[in-house]
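Reviewing the structure listed below.
Please treat every number below as a calculation from the coordinates, not as lab data. Predicted, not measured: the structure shown is a model, and the values here were computed from it. Ideal geometry is used to build each Cβ from the backbone, glycine not excepted, and the neighbour counts take in all protein chains shown.
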Amino acid sequence: MAKGAMDSSTFQALVDKVQQETTSSERKVEILYSCRGFYNADQAARLLHCYANPADKIRVLRILEPRLCQMTCREGRDIINAVSIHNDKLIALDCIKRVLGDYRSKLGEEYILSAFPFETDKYRAMQILQTVNSFVGDYVAAGGHQGYAALGGLYTQARPMVPHLYGNVADQAQLIPGHGKIEIPPEAQPGVVPSIYTGHPSYAYPADRSYDEDRGYPGNSSLGQSLPGDYPKGAPPLGYHSGAPNPTGFLQLES
């Protein structure tokens, strides 16, 4: 279930309560800790500006981490910029990396990297973003699993002279999501006998086997005979009282 951000009136009351606490920085953090609700990027950045001590900002980030809503990298940059120390900026990125929706795009990476002034911090930021990626579906499965046997032999699932149990590597690569031939599900072709009802299914399918042809029990040769004429031959038998004119929409069906 998607998280909904706190409404503006409740959030403004929280900010006023934090700013009015001037006697103890510990108490300011406890006010945020005891408050319920979720926060978007703008609200999280405003809360970070309410705390002057860098150590308190890190504590606030840890509190906000499970309460953040989904955001873009452009919005997440505002949270990172709310922290002044460059090492703390990396901690901020680590706290918000799970809610960034476009971190895999080049534009999203540029927004995140623009928040870090030093080259080493940019490199570490890229490494942090890589920790939430999963490239398991991009790799081809390995060959047959092998186990050690007696006298230096091996137990293997692969056939002799076939190193890959799951087939050719090129064929396996076509099965990776996003690669290979696009499979289009088969659909009915209502163009043979069009219906006047646009949302009605088509009955222009090939004739099915009769009960006599399918079962072929002795003594039932006279049962299950198909109707004479070409298929289709009218509406399906929906009931005893379904004899309305054009019940299925096929005007020329009986001619």
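In whole Å, largest first, what are the principal axis extents of the Cα atoms in segment 8-136?
47, 26, 22
May I ask you to sort Ile176, Ile182, Ile63 by Cβ crowding, counting other Cβ atoms within 10 Å and putting the fewest first?
So the residues, fewest neighbours to most, are Ile182, Ile176, Ile63.
Using a Förster radius of 45 Å, what is the FRET efficiency between Leu151 and Gln130 based on their Cβ-Cβ separation? Nearest 0.05, please.
0.50
Sum up the charges of everything whose Cβ sits under 13 Å from the Cβ of Arg67, counting Lys and Arg as +1 and Asp and Glu as -1, but leave Arg67 out.
+3
Just give me a number: lysine pairs in segment 8-136, eight or more positions apart or cross-chain, with C-alpha atoms less than 30 Å apart.
17
Let me check the size of segment 85-133 from its C-alpha atoms; what are the radius of gyration and Dmax in Å?
That works out to 9.8, 27 Å for Rg and Dmax.
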